[in-house]
Amino acid sequence: MKLLISLNLVFALFLLHVLFTSSYFPAAHEVPTTSLLEIPNAGGALSDLKNTGSPQFDVYAKKNGLQISVQGDYTPSELESCENTVFEAFSYVPRKHLSQLKRLTFSFDPEIRRGLGGGNQITIRCVNVTDDELKAVFLHEIGHIVDTGLFQGHLYAGKSPFYDGKNPLYRDDKSLSFYTLSWSAVAAKKDENILHFVSEYGATDPFEDFAETYVYYILHGPEFRYLTAFDPILAQKYDSMQKFVFQKEYYADSFSLPSLSERTYDITKLPYSFQ
């Protein structure tokens with residue numbers, strides 16, 4: 001009888017262990033809203049122990065509870081350079097937006113796409129990318145975590161027509177007022193006019209529409225404001241960013257006249273001069 005009780009106790013403790021680990025440590029693929037342009041492959045090991053890099057970045061991470069991982073092969077100077085570049089981009093966005101970022105992975109795997117963001121995590125590729133492009137890609141991914149992590153609805157509000165994968169977005173989700181300017185659901189545009197989007201990539205789904213508009217608002221504010229005079233949908237998207245996302249406006253150092261008849265594919269490839 002004592003042996004039977006002991007076996008039952010061991011089995012109960014095992015079930016509690018399984019329940020705890022499966023509930024509180026979700027698999028990496030469960031991060032919401034993967035970007036079609038930016039899905040990394042599964043190769044490469046993550047090193048959670050980072051003993052080299054940028055001292056100022058390490059201080060920021062420790063102070064703000066930001067967990068840092070590094071993927072692939074790198075030298076200390078390469079990691080420090082990548083961290084310093086991303087740290088410079090931190091100054092471009094509101095502190096509240098950065099507070100949603102809880103885990104940041106620097107990847108030195110040249111085979112993966114440039115970035116992945118959703119929920120509270122970002123993976124950024126540090127190789128085969130210029131510093132300006134790296135910062136722009138990081139801002140695009142911050143747009144994703146603001147959209148899918150910081151702006152969240154509540155179950156009691158009821159489901160909307162929009163889903164992030166299998167997860168429903170609720171009717172009080174702050175992003176919905178932006179989505180519905182061009183979309184009736186995740187895979188259904190209200191119209192096919194590419195000029196209602198800041199980029200062709202932004203026209204692929206509501207999440208990319210938000211992230212591309214987010215980075216365009218920061219890095220190309222004067223150009224964005226110029227386009228709003230010719231397109232009422234873009235004017236509403238600009239107002240949505242200004243009023244509900246940033247509560248401020250951004251002014252670049254220079255202005256290049258954007259095309260009124262076509263859109264670039266990817267905002268992060270555009271040259272910019274930021275102040």
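The values are calculated or read from the model by the stated rules, or taken from the named source; none is laboratory data. This one's a predicted model, so the numbers in the text were calculated from it and none came from an experiment. Cβ: placed from backbone, ideal geometry, glycine included. Neighbour counts: every protein chain shown.
Observations on the model:
- Any hit, the stretch 13-22, residues being in contact with a helix residue (DSSP H, G or I) (Cβ under 9 Å, 6 or more places away or on another chain), among the aliphatic types (A, V, I, L, M) and either surrounded by 17 or more Cβ atoms within 10 Å (Cβ to Cβ) or at pLDDT below 50 (or both): no
- Residue among Gly158, Gly115, Gly165, Gly143 that is within 16 Å of Val245 (Cα to Cα) and among the small types (Gly, Ala, Ser): Gly143
- Applying the criterion of being touching a helix residue (DSSP H, G or I) at 6+ places or on another chain (Cβ under 9 Å) and among the basic types (Lys, Arg) to the residues of the stretch 240-275, the residue that is surrounded by the most Cβ atoms within 10 Å (Cβ to Cβ) is Arg263.
Residue by residue, here is whether (1) surrounded by fewer than 18 Cβ atoms within 10 Å (Cβ to Cβ); (2) within 22 Å of Phe246 (Cα to Cα); (3) among the polar types (S, T, N, Q) holds:
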| site | (1), (2), (3) |
| --- | --- |
| Lys63 | yes, no, no |
| Val86 | no, yes, no |
| Thr105 | no, no, yes |
| Gln121 | no, yes, yes |
| Arg125 | no, no, no |
| Asn128 | yes, no, yes |
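- Some residue of the stretch 149-159 being of a type in the set (S, T, N, Q), surrounded by 24 or more Cβ atoms within 10 Å (Cβ to Cβ) and outside any strand (DSSP E or B): no
- Scanning the stretch 103-117 for any residue that is in contact with a strand residue (DSSP E or B) (Cβ under 6 Å, 6 or more places away or on another chain), of a type in the set (Phe, Trp, Tyr) and farther than 21 Å from Tyr272 by Cβ turns up at least one such residue.
- Of all the listed residues (Leu98, Leu134, Leu116, Leu139), the sole one being of a type in the set (A, V, I, L, M) and surrounded by fewer than 22 Cβ atoms within 10 Å (Cβ to Cβ) is Leu98.
- Sole exception among (1) more than 17 Å from Val215 (Cβ to Cβ); (2) touching a strand residue (DSSP E or B) at 6+ places or on another chain (Cβ under 6 Å); (3) outside the structural domain of Leu227 (by TED's automatic domain parsing) for His144, by number: (1)
- Filter result for the condition that a residue is polar (S, T, N, Q) and more than 20 Å from Gly72 (Cβ to Cβ), over Asn193, Asn128: Asn193
- Among the residues making up the stretch 167-211, those that are surrounded by fewer than 17 Cβ atoms within 10 Å (Cβ to Cβ), among the charged types (D, E, K, R) and over 23 Å from Ser261 (Cβ atoms) are Arg171, Asp172, Lys174.
- Segments classed as helices (runs of 4 or more DSSP H), wholly inside the stretch 49-134, with at least 3 members that are more than 25 Å from Phe210 (Cα to Cα) and not assigned by TED's automatic domain parsing to the domain that holds Asp164: 55-64, 76-90
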